[in-house]
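Novice: Here you go, one structure.
Taken together, the values in this text are just the output of simple stated rules run on the coordinates, not laboratory data. For clarity, every value in this text was computed on a predicted model and none was experimentally measured. Positions of Cβ are backbone-derived with ideal geometry, glycine not excepted, and every protein chain shown enters the neighbour counts.
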Amino acid sequence: MNIEILYWIVLIGVFTGLAFLGQRTNLKLWVRVVTALVIGAILGFIFGDVAASSKWIGDLFVRFIKMLVVPLIFTSLVAGVVSMGDPKRLGSIGIKTITLYLLTTLFAISIGLVLGTLFSPGAGIDLTGVDPYSAVQSSQSVSDRLFGIVPLNPIGSLADGDVLPIIFFSILLGIGIIMGGNKTEKIGEVFSSAAEAILQIAHMVMQMAPYGVLALVAWVSGTMGLAALQNLFVLTIILYVGCILHMILVYGGLIRFGARLPLKAFFKGILDAQAVAYSTSSSSATLPVTLQCVENNLGVKKTVASSVLPLGATINMDGTALYLGVVALFSAQIFGVQLELSDYLLIAMTATLTSIGTAGIPSASLFLLATVLSVIGISDAQTALIVGFVLPFDRILDMARTVVNITGDATVSVLVAKSEDDIDEDVFRSESVL
Ligand code: ASP
């Protein structure tokens, strides 16, 4: 029998099984999603390249969630600000959020640098024969990015899906609605109902998650699983270990000792979002799911979740910072660049800034590597070599860093919510997942 036909028969069988589990048993969604993820990896491993033929199912799922990103940020952020009732609270939430985002990113990059130094991922790698990849982009400067936060035309930003200007405008609109008092009360209610409606759609779309996740993971494991392990073995292992350490030590520590909440409930509550982040490699596309998990499973009130998470999906990328640090050391080792302590500090600073400027889309940071590598004297041509070498397997690395990125956002939202008394701890502790 043709192997592709066999693959589809197996796939349809597995999908039917998953649908049956969903209908007939009250198996929680996250259990089905994680089961799908494991089956996807196994199918990809068995069927190899053929598994790419079902990638469109995953792409369709991603389109559905992406469709919700702009309306969700806009409506729930305005509704969230209105529900604060007082613009001063926004200031206190904002300061705590940004401080925690920066702090966790610095921890992430430190973990990346320590592991990259201890385990030398670049040792023994020969880059001769790699096709230099020409599309090395230079990042937008930080000042341009800051300027761009103020939208020239908010409707244009909504249409283009430009997240930071949308966040800026939504916060101002929310403040305007609060300040308008009775006169603007109605429009506040409209935003809150609209946000609820979009969340209902997100809930429906999540029912597709097991199928989408399975198709995407089967594609990755079928087309690049083993190859990546052969070529970038140490780098991949270091990145995965670093990501896991960061999640356990930093996020675990913050949740356990900072917020004094149980870890198990936290990690269980966020699992759906992690599975979607892992399979889509995009924090922005995962945002609707992260919002649902944080509100429904972790009990964070909309006021905090809807302001902290969209900002985090855009500027808080701990996994990305960790990755940039490890790849910087990898490159220095390959090209024989000797690093001083000051170089480490420079890498840490630029990786933090670059991670802030990275878009929450697949492989975004790979193309911003030049910014970090240039500070340790690695030329554009050498960077092109590195990008060309890592690019074919970047997906596997990207999946891990994206999980860390969204878990960081969720951690900060829980901490901020706890400090603002905006968390329903009964929901958090009940471990009631979708
Ligand atoms: N894919 C990552 C994300 O969406 C960004 C990156 O390339 O590091 O969070």
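Novice: Hey, with R₀ at 25 Å, roughly what FRET efficiency would Asp421 and Ile149 work out to, going by the Cβ-Cβ distance, to 0.05?
Specialist: Here the calculated transfer efficiency is 0.30.
Novice: Quickly rank 64-71, 313-320 as a protection proxy: mean count of other C-beta atoms within 10 Å, highest first. Provide the component values of the computation, followed by the final result.
Specialist: Details: 64-71: 19.6, 313-320: 29.2.
So the order, starting with the most tightly packed, is 313-320, 64-71.
Novice: Ranked highest first by average number of other Cβ atoms within 10 Å, how do 203-211, 333-341, 14-22 line up?
Specialist: Numbers: 203-211: 18.8, 333-341: 13.3, 14-22: 15.1.
Highest to lowest by the protection proxy: 203-211, 14-22, 333-341.
Novice: Provide the per-residue ³J(HN,Hα) series for region 174-179, in order, calculated from phi with Karplus coefficients 6.51, -1.76, 1.60 and θ = phi - 60°, each as a whole number of Hz, with x at glycine and proline positions.
Specialist: x, 5, x, 5, 4, 5
Novice: Under Stokes-Einstein, with the Kirkwood radius over Cα pairs standing in for Rh, what whole-number D in µm²/s applies to region 386-434 at 4 °C and 1.567 mPa s?
Specialist: Value of D from the Cα-based Kirkwood radius: 97 µm²/s.
Novice: So who's got an amide H within less than 5 Å of the one on Leu261, skipping anything under 5 residues away but keeping other chains? H placed 1.01 Å off N, in plane.
Specialist: When sequence neighbours closer than 5 places are left aside, the close amide H contacts are Arg256.
Novice: Shape of region 193-303 from its Cα gyration tensor (a ≥ b ≥ c, root eigenvalues): rounded if a/c is under 1.5, otherwise prolate when a/b > b/c, or oblate?
Specialist: Oblate, because a/c is 1.5 or more while a/b does not exceed b/c.
Novice: Give, in whole angstrom and from largest to smallest, the semi-axes √(5λ) of the equivalent ellipsoid of region 10-106, with λ running over the eigenvalues of the Cα gyration tensor.
Specialist: Over the Cα atoms of region 10-106, the semi-axes work out to 40, 18, 15 Å.
Novice: When the Debye formula is applied to the Cα atoms of the chain, each taken as the same point scatterer, what base-10 log of I(q)/I(0) results at q = 0.05, 0.06, 0.08, 0.09 Å⁻¹?
Specialist: For the requested q values the scattering log ratios are -0.17, -0.25, -0.44, -0.57.
Novice: Using just the helices of the chain, give the 222 nm mean residue ellipticity in deg cm²/dmol: DSSP H runs with n ≥ 4 each add -39,500 (n - 2.57), and the total is spread over all residues, rounded to 500. Write out the running numbers ahead of the final one.
Specialist: Working: 20 runs with 317 residues, N = 434.
Theoretical 222 nm ellipticity from helices: -24000 deg cm²/dmol.
Novice: Straight-line reach only, C-alpha to C-alpha below 17 angstrom: list the aspartates and glutamates that Lys301 could link to, leaving out same-chain residues fewer than 8 apart.
Specialist: Asp86, Glu189, Glu196, Asp409, Glu420, Asp421, Asp422, Asp424, Glu425, Asp426, Glu431
Novice: Determine ³J(HN,Hα), in whole Hz, for all residues of region 78-83 in sequence, where each value follows from phi through the Karplus function 6.51 cos²θ - 1.76 cosθ + 1.60 and θ = phi - 60°; x replaces Gly and Pro.
Specialist: 4, 4, x, 5, 4, 5
Novice: Could you give me the ³J(HN,Hα) list for region 182-192, computed from phi with Karplus coefficients 6.51, -1.76, 1.60 and θ = phi - 60°, whole Hz, x at Gly and Pro?
Specialist: 3J(HN,Hα) across region 182-192, in whole Hz: 4, 5, 10, 3, 4, 5, x, 5, 4, 5, 5.
Novice: Beyond 31 Å between alpha-carbons counts as too far, so tell me which of Lys264/Lys302; Lys88/Lys264; Lys66/Lys186; Lys55/Lys302; Lys96/Lys264 fall in that bin.
Specialist: The pairs that break the limit, which is 31 Å between Cα atoms, are Lys88/Lys264; Lys55/Lys302.
Novice: For a Förster distance of 45 Å, can you work out the FRET efficiency between the beta-carbons of Val241 and Asp49, rounded to the nearest 0.05?
Specialist: In this case the efficiency is close to 0.95.
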